[in-house]
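Peer 1: This is the structure I want to talk about, given as structure tokens.
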Amino acid sequence: MPYSVLVVSSAPAFPAKLGEIFSKTGENAFVLSACSQLMAGIERLRTESFQCVLVDLTQPGSAVHEALAALAASVPQVPVIVIGPADSEDVFKLALGWGAQDYLLENRLDRYALERAINGAVGRKALEDALYSEKERVRVTLNSIGDAVLSTDLAGNVTYMNPAAEKMTGWTRDMAIGRPATDVLYLSDAITHARVRIPLEIAIETNQTVGLSPNSMLLRRDGGEVAIEDSAAPIHDRYGHVAGAVTVFHDVSQSRAMTAKMSHLAQHDYLTDLPNRLLLADRISRAIAAASRHSRKLAILFVDLDHLKHINDSLGHSVGDLLLKGVATRLREAVRSSDTVSRQGGDEFVVLLPEIDVPEDAALIAEAMRAAVVLPYTIAGQELHISASIGISVYPNDGADAETLMKNADIAMYEAKGAGRNNYQFFSHDLTARAVERQTVEVSLRRALERGEFVLYYQPKVNLASGGITGAEALLRWQHPERGLLLPEDFLAVAEESGLMIPIGRWVMEVACRQAQQWIEEGLQFDQIAVNISTAEFLSKGFVERVGEVIHSTGLTCRCLELELTETALMANVESTLTVLKTLRQMGVTLSLDDFGTGYSSLSYLNQFPIDTLKIDQSFVRDFTRGPNNAALVSTIIAMGKNLNQRIIAEGVETDEQLRFLRAHDCPEGQGFLFGKPLVAAAFRRLLLTAHRETHHETHPSPPGATRKLGSLLSRDSEKTPKSAAPPGGAGSDDAAGPAESQHAASEDRQPLAHDAAPPRRT
């Protein structure tokens, strides 16, 4: 297809001359159009398609600069060739600088010269446009990408920077161009802060693509530091020789921070930010290796919080989580900076002491931890109390690897729980057998619930003035198929740790209430049944509802049920405790504070808690004869209870001397071996029948010896049963379980009651 060429000339003969030249050779490859005025030519160029413009400069007064400037501004895409006199070579050179593609001398015009000039101009213009488009594409790409790009020449001086590089380095392009790249890219190691050689230099030297060493930092011009990743590659000329280098780098501060965060989260507990199992295992392994090399000792402390589940159940897990955070903080503060406090999950923590001289060092830290944990917590405006049981194992005595040390510390922790909680215990090899025994007891306990192996015993409460029976306390026993009759101390700790206390407690309450209602319906002299409530029960969700359900199902009047609570249960969460106690009081249930005087906060809250009865702990009754202070303490408790209009019951009354003292100080009620030991329901019923007959045949008040007489009756009834089946000793405030608790008596009383419900606690 022929090129369309526009000829701009003020001489009418000039276009015709050109047409004549092109027409001399047959086939014409060009179509010429002419105009005499530049502006007319520009207008045609805007509306018509031309591949080239020929500008005639042969006429006098031709303004070369103005003509070319006007064409370049209006139609820059069309190449321009100027034609002029032979003596205008200087003008032609200027014309090339002003935008012309070529020039021709008027006296040398021929078809060959014209075709060569036009084809060359069109070809060069197309190439220029292509190169410009490519360059623009590269420029736009480099300016729009997020990565920084910087190039240098062979000497290492900056030749190019994109905006991202300007932003990251703090150097503008104008400032950086021509400067050594080492000034603009100042790199250092993030850890040692030593200067790092830039990859651009290495790429030029080795003629290879190279990367930046890890953890490198870029020092900005303003002094700030940026974590970067960098790669550099050599730039080659058309002959394959290295002509410079280009580097691409980007900010990895956020990604490194995210990586560090993810690594931290993978190794730390989400709630407390303490090291988790994974990180602890690594630190224990390292500590063992170091201890082995240097013949040192280390210790593992397994910490389990006591009764955290009850707080979660009563107040919600959000409060429990805040409590866990508080415990974590106190544990960290109680240990050395070189020690590791780890949360294993739930209410369990493990502490690594990587270096100790003697086991006693671990004991000192364990005691500091225990003392820190037991202090009150104020969370969401509520005062909470919690304690910790701690087990300790020592390397190398108790194990040569992390798994063994952890297992043995766990075993020791359970020993601490069995010893009453809120203490620490060292591992001993004897404890392994106890751990196995504990597991066996737990399995048997679960079966006992299903098989109805539990039975209740009843211990009378006595009016110390008249000797009359005022009620009874229901005490739990386990008729084990192989080991015989077991006392609470043999299984209650395991029941609490395994979560069985709630169903067991429900069983105790239901059976005791049904039995009491049966005695009342028989017209026997019986006022009230007392049931011990474990901390687990009291703090569990729905406790008040369960009490109401039991009362409703058994038909017992609310005032005939007395719930005996411990200070541990009441002080776990004072605000929640007050709510529960007030609800129970509104129902009409009687509330008793068991083992009074052995806790640490009862006096400060005694006025707040709606307690009906204080039970003086048997240790005070037993020890009052050992000194005036003990006697004064018992008399003070009696007087205080009376002033607060609370019923007072003395536990553990075993001697006539104790009875006389209590009567002398106007203690109204007592409970203990002096009046008899706990009896199965059938035996206790006979006691009530006897008391009922005597009451209905007497026409005058009971003589002073009536109480002693009741004790004799109880003892005689106990002696009717074999003495070989029951283990000796007592449990808790049972005031004891001795030989009277025989298999015969147990089976005699198990009537329908032992099978009515499902499970129990001490009680």
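The values are calculated or read from the model by the stated rules, or taken from the named source; none is laboratory data. Keep in mind that this is a model prediction, so the values were computed, not measured. Here Cβ is always computed from backbone atoms with ideal geometry, including for glycine, and neighbour counts include all displayed protein chains. Surface areas here come from the heavy atoms of the whole protein model, side chains and all, with no ligands, DNA or RNA. Shrake-Rupley method; radii C 1.70, N 1.55, O 1.52, S 1.80 Å.
Peer 1: Looking for something of a type in the set (A, V, I, L, M), surrounded by 15 or more Cβ atoms within 10 Å (Cβ to Cβ) and touching a residue at least 60 places away in the same chain (Cβ under 8 Å) - is there at least one such residue anywhere in the stretch 345-353? Outline the logic, then answer.
Peer 2: Residues of the stretch 345-353 that are of a type in the set (A, V, I, L, M), as a first pass: 350-353.
This time we only want the ones that are surrounded by 15 or more Cβ atoms within 10 Å (Cβ to Cβ), so: 350-353.
Okay, now just the ones that are also touching a residue at least 60 places away in the same chain (Cβ under 8 Å), so 350, 352.
Within the stretch 345-353 (the criterion being of a type in the set (A, V, I, L, M), surrounded by 15 or more Cβ atoms within 10 Å (Cβ to Cβ) and touching a residue at least 60 places away in the same chain (Cβ under 8 Å)), the answer is yes, since at least one residue qualifies.
Peer 1: So, one more: Scan Y395, Y414 and give me the residue that is open to solvent by 50 Å² or more (accessible area, probe 1.4 Å), touching a residue at least 60 places away in the same chain (Cβ under 8 Å) and of a type in the set (S, T, Y).
Peer 2: The conditions single out Y414.
Peer 1: What single numbered condition from (1) under 18 Å from E651 (Cβ atoms); (2) modelled with pLDDT of 85 or more; (3) buried (at least 21 other Cβ atoms within 10 Å of the Cβ) fails to hold for L561?
Peer 2: Exception for L561: condition (1).
Peer 1: In the stretch 479-498, what residues are in a loop (DSSP other than H, G, I, E, B) and either in contact (Cβ under 8 Å) with a residue 40 or more places away in the chain or crowded, with 23+ Cβ neighbours inside 10 Å (or both)?
Peer 2: Taking the stretch 479-498 first, the residues in a loop (DSSP other than H, G, I, E, B) are 481-483, 487, 491, 498.
Answer for the stretch 479-498, where residues must be in a loop (DSSP other than H, G, I, E, B) and either in contact (Cβ under 8 Å) with a residue 40 or more places away in the chain or crowded, with 23+ Cβ neighbours inside 10 Å (or both): L487, F491, S498.
Peer 1: Restricting attention to the stretch 509-536, which residues are in contact with a Leu (Cβ under 9 Å, 6 or more places away or on another chain), more than 21 Å from D313 (Cα to Cα) and either among the charged types (D, E, K, R) or open to solvent by less than 10 Å² (accessible area, probe 1.4 Å) (or both)?
Peer 2: Scanning the stretch 509-536 gives V511, A512, C513, R514, Q515, A516, W519, E522, I529, A530, V531.
Peer 1: If the requirement is being in contact with a Leu (Cβ under 8 Å, 6 or more places away or on another chain), within 21 Å of G41 (Cβ to Cβ) and either in a helix (DSSP H, G or I) or open to solvent by less than 60 Å² (accessible area, probe 1.4 Å) (or both), which of these qualifies: V78, V122?
Peer 2: Working: V122 fails: in contact with a Leu (Cβ under 8 Å, 6 or more places away or on another chain).
Among V78, V122, only V78 is in contact with a Leu (Cβ under 8 Å, 6 or more places away or on another chain), within 21 Å of G41 (Cβ to Cβ) and either in a helix (DSSP H, G or I) or open to solvent by less than 60 Å² (accessible area, probe 1.4 Å) (or both).
Peer 1: Let me ask something else about it. Just to be sure I understand the filter: pairs with C-beta atoms under 7 Å, separated by 6 or more residues or on different chains, first member in the stretch 288-311 and in contact (Cβ under 8 Å) with a residue 40 or more places away in the chain and over 16 Å from P359 (Cα atoms), second member small (G, A, S) and part of a strand (DSSP E or B). Which pairs pass?
Peer 2: From residues that are in contact (Cβ under 8 Å) with a residue 40 or more places away in the chain and over 16 Å from P359 (Cα atoms), the pairs are V303/A388; D304/A388; D304/S389; L305/A388; D306/S387; D306/A388; D306/S389.
Peer 1: Name the residue, out of T152, T141, T182, that is assigned to a helix (DSSP H, G or I), open to solvent by less than 60 Å² (accessible area, probe 1.4 Å) and among the polar types (S, T, N, Q).
Peer 2: Working: T152 fails: assigned to a helix (DSSP H, G or I); T141 fails: open to solvent by less than 60 Å² (accessible area, probe 1.4 Å).
Only one candidate qualifies: T182.
Peer 1: Can T172 be described as touching a helix residue (DSSP H, G or I) at 6+ places or on another chain (Cβ under 6 Å), β-branched (V, I, T) and free of Cβ contacts under 8 Å to residues at least 12 places away in the same chain?
Peer 2: On the way: touching a helix residue (DSSP H, G or I) at 6+ places or on another chain (Cβ under 6 Å): yes; β-branched (V, I, T): yes; free of Cβ contacts under 8 Å to residues at least 12 places away in the same chain: yes.
Taking the combined requirement at face value, the residue satisfies it.
Peer 1: In addition: Give, as residue ranges, the strands (runs of 3 or more DSSP E) completely inside the stretch 206-311 that count at least 1 residues that are acidic (D, E). Explain how you work it out, then say what you get.
Peer 2: Details: elements: 216-219, 225-236, 242-251, 297-306.
Those strands (runs of 3 or more DSSP E) span 225-236, 242-251, 297-306.
Peer 1: Looking at L606, L662, L570, which one is open to solvent by less than 30 Å² (accessible area, probe 1.4 Å) and either over 49 Å from the mean Cα position of the chain (by Cα) or at pLDDT 90 or above (or both)? Spell out the reasoning first.
Peer 2: Details: L606 fails: either over 49 Å from the mean Cα position of the chain (by Cα) or at pLDDT 90 or above (or both); L570 fails: either over 49 Å from the mean Cα position of the chain (by Cα) or at pLDDT 90 or above (or both).
Checking each option against the conditions leaves just L662.
Peer 1: Please determine whether any residue of the stretch 204-213 is in contact (Cβ under 8 Å) with a residue 24 or more places away in the chain and among the acidic types (D, E).
Peer 2: No, there is no match, as no residue in the stretch 204-213 is in contact (Cβ under 8 Å) with a residue 24 or more places away in the chain and among the acidic types (D, E).
The rows are residues; the columns are (1) closer than 28 Å to E575 by Cα; (2) touching a Leu at 6+ places or on another chain (Cβ under 8 Å); (3) outside any strand (DSSP E or B).
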| site | (1), (2), (3) |
| --- | --- |
| L322 | yes, no, yes |
| T329 | yes, no, yes |
| V341 | no, yes, no |
| L364 | no, no, yes |
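Peer 1: If you don't mind, another one. Which of the residues spanning the stretch 226-242 are at pLDDT 90 or above and open to solvent by 50 Å² or more (accessible area, probe 1.4 Å)?
Peer 2: Matches in the stretch 226-242: I235, H236, H241.
Peer 1: Pairs, please: C-beta under 9 Å, at least 6 apart or cross-chain, first residue in contact (Cβ under 8 Å) with a residue 40 or more places away in the chain and of a type in the set (D, E, K, R) and in the stretch 321-336, second in a helix (DSSP H, G or I) and open to solvent by less than 50 Å² (accessible area, probe 1.4 Å)?
Peer 2: Taking only residues 6 or more apart or on different chains, the pairs are D321/N312; R330/M369; R330/A372; R330/V373.
Peer 1: When only residues in the stretch 443-463 that are buried (at least 17 other Cβ atoms within 10 Å of the Cβ) and under 41 Å from the mean Cα position of the chain (by Cα) count, which is farthest from E562 (Cα to Cα)?
Peer 2: My answer is S444.
Yes/no per residue for (1) closer than 30 Å to L6 by Cα; (2) small (G, A, S):
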| residue | (1), (2) |
| --- | --- |
| A126 | yes, yes |
| G146 | no, yes |
| A164 | no, yes |
| E201 | no, no |
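Peer 1: Is it the case that A266 is aliphatic (A, V, I, L, M), surrounded by fewer than 20 Cβ atoms within 10 Å (Cβ to Cβ) and more than 25 Å from the chain's Cα centre (by Cα)?
Peer 2: Working: aliphatic (A, V, I, L, M): yes; surrounded by fewer than 20 Cβ atoms within 10 Å (Cβ to Cβ): yes; more than 25 Å from the chain's Cα centre (by Cα): no.
It is false that A266 is aliphatic (A, V, I, L, M), surrounded by fewer than 20 Cβ atoms within 10 Å (Cβ to Cβ) and more than 25 Å from the chain's Cα centre (by Cα).
Peer 1: Further, regarding this structure: How many of the residues making up the stretch 81-119 are surrounded by fewer than 17 Cβ atoms within 10 Å (Cβ to Cβ) and either within 18 Å of S49 (Cβ to Cβ) or within 60 Å of the chain's Cα centre (by Cα) (or both)?
Peer 2: So the count comes out to 1.
Peer 1: Let me ask something else. Quick one: D282 ticks every box in (1) among the acidic types (D, E); (2) surrounded by fewer than 17 Cβ atoms within 10 Å (Cβ to Cβ); (3) under 17 Å from the mean Cα position of the chain (by Cα) except a single one, so which number is it?
Peer 2: Result: D282 fails condition (3) only.
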